[in-house]
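Presented below is the structure to which this report refers.
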Amino acid sequence: MAIHIQRRKLITLIGSAAATWPLTAPAQQSAMPVVGYLSAGSPGSPNEIAFESGLRDLGWVKGRNVAIEYRYAEGKAERLPGLAADLVRMRVDLIVAPGPPARLARDATSTIPIVFLLGADPVAFGLVDSFERPGRNLTGTMENNPELTAKRLQLLKEAVPSVTRVGILWQPGTLTAAKFQDVVKNAQAAASTLGVHLQTFEARNPGQVEKAFADMANAQMNGLIFIHSPMFAARRAADIDLVAKHKFSAIYEWGVYADAGGLISYGANLLDEYRRAAPYVVKILKGAKPADLSIEQPTKFELVINLKTAKALGLAIPASLRMHADRAIE
């Protein structure tokens, strides 16, 4: 009799365990961390490919041990708040938000970690308390390097020796006023040694950009340096067209501007910046807090020259500068 009771107990235990198997497997699958990705662009961008490559280098492969939920605004900024809210409703483990979407992600959640890739000063934008101790649920990289403005002026003068009057175009708010004054001071020191007249111009919103270009033309500027901002990034093609229309010789921050027809660029490699977001993601997935992860800036820079644009402008880029270019577009 005791044997039969033990058998019944064993059968019951096996049956109970078997009944839980279908429930256990999905629970294990749902334990895979989910990364939300909020983009202002469209699917198929090389930026997302670079980001996933950075994750793979650290052992995190999409679909194997991490899930990525992409949300694309496809150039329609008005869609971003709804897409950010959608990721929050999904309770993703963190959100990656390149550029302007970072502010929308911040508005959508104060608890889900956010990793940004920003082309502006995150302190000036109110995203973090400081570079060293962000202090909130956001951290990431800052691709804007206004300290390089003096270097860009030197490169522009070397590429186009005839440049004598250079405008610095910026969007107030992307840097603190004190920071911008430091940028101008350093650039002015370089300009005085190069025999270049330097003047600043501003555009607070897209509606003021064409007026800024008209003001530069009236001031007889023949060179231009952009202080990068999310606004200028969003209207890259339009600004390159305005540069061509006014026949300015311009230098930009990222190689994507030279790829799109800009004359010359000097700054961080944008795809490298997307790869550099991956370590932040991995650290946070392993338990680190964004508030404790300092903001990083790039340390490697590339010089890109568009020789086709130079030819169209009737410019002969010196061989010495071409030799130092990381890329030349012919």
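The values are calculated or read from the model by the stated rules, or taken from the named source; none is laboratory data. Not measured: the values here are computed from a predicted model. Neighbour counts run over all protein chains shown; Cβ positions are idealised from the backbone, glycine included. For accessibility, only protein heavy atoms count, side chains too; no ligands or nucleic acids. Shrake-Rupley method; radii C 1.70, N 1.55, O 1.52, S 1.80 Å.
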| What is the helix-to-structure angle for 46-57, meaning the angle in degrees between its Cα long axis and the longest Cα principal axis of the chain, kept from 0 to 90 and rounded to the nearest 10? | 50 degrees
| Hey, what did the stretch 167-252 get for relative contact order, percent, Cα under 8 Å, at least 6 apart? | 39 percent
| query | What net charge is computed for the residues neighbouring residue 60, neighbours being all others with C-beta under 14 Å from the C-beta of residue 60, Lys and Arg scored +1, Asp and Glu -1? | reply | +3
| field | Relative packing of 79-89, 220-230, 242-252, 187-197, which averages over residues the other C-beta atoms within 10 Å, highest first | value | 220-230, 242-252, 79-89, 187-197
| query | residue 162 to residue 34: extension gain in nm, 0.36 nm per residue of separation minus the Cα-Cα distance? | reply | 40.7 nm
| With a ≥ b ≥ c the root eigenvalues of the C-alpha gyration tensor of the stretch 255-327, is it rounded (a/c under 1.5), prolate (a/b larger than b/c) or oblate? | prolate
| So what is the relative contact order for the stretch 226-330, in percent, with contacts set as C-alpha pairs under 8 Å and at least six apart? | 24 percent
| request: Sum -39500 (n - 2.57) across every DSSP H segment of at least 4 residues in the chain, then divide by the residue count to get the 222 nm mean residue ellipticity, nearest 500. | output: -13000 deg cm²/dmol
| request: Could you please report the charge total around residue 235, scoring K, R as +1 and D, E as -1 over all other residues with beta-carbon less than 12 angstrom from its beta-carbon? | output: -2
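By per-residue mean of other Cβ atoms within 10 Å, what is the highest-first order of 44-56, 157-169?
157-169, 44-56
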| request: Let me have the relative contact order for the chain, percent, based on Cα pairs under 8 Å that are six or more residues apart. | output: 19 percent
| request: Could you look at the chain and say what percent of its accessible area is carbon and sulfur, using a 1.4 Å probe and all protein chains? | output: 54 percent
| remark: Taking Cα atoms only, helix 236-246 is inclined relative to the longest principal axis of the chain by an angle, in degrees rounded to 10, of 10 degrees
| query | Tell me, how many Å apart are the Cα centres for the stretch 179-229 and for the stretch 89-141? | reply | 29 Å
| query | Under a Cβ-Cβ cut-off of 13 Å, what is the net charge of the residues other than residue 302 that fall near it, where Lys and Arg count +1 and Asp and Glu count -1? | reply | -2
| task | Give the accessible surface of the stretch 141-282 per residue, rounded to a whole number of Å², with probe radius 1.4 Å and ligands, DNA and RNA excluded. | result | 38 Å²
| Förster-model FRET efficiency, 51 Å R0, residue 219 and residue 131, C-beta, rounded to 0.05 | 0.90
| message | I need the shape label for the chain. Rule: rounded when a/c is under 1.5, else prolate if a/b > b/c, else oblate, with a, b, c from the alpha carbon gyration tensor. | response | prolate
| How far is helix 149-159 tilted, in degrees, relative to the longest principal axis of the Cα atoms in the chain, given as a value from 0 to 90 rounded to the nearest 10? | 60 degrees
| query | What FRET efficiency comes out for the pair residue 308/residue 177, r = Cβ-Cβ distance, R0 = 41 Å, nearest 0.05? | reply | 0.60
| field | Ordering of 295-308, 263-276 by packing [mean C-beta count within 10 Å, highest first] | value | 263-276, 295-308
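Label the stretch 154-267 by shape, choosing from rounded, prolate and oblate, from the square roots a ≥ b ≥ c of the eigenvalues of the Cα gyration tensor; if a/c is under 1.5 it is rounded, and otherwise prolate applies when a/b is larger than b/c, oblate when it is not.
Taking the square roots of the gyration eigenvalues as a ≥ b ≥ c, the stretch 154-267 is rounded.
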| request: Apply 1/(1 + (r/R0)^6) to the Cβ-Cβ distance of residue 62 and residue 245, taking R0 = 41 Å, and write down the FRET efficiency to the nearest 0.05. | output: 0.45
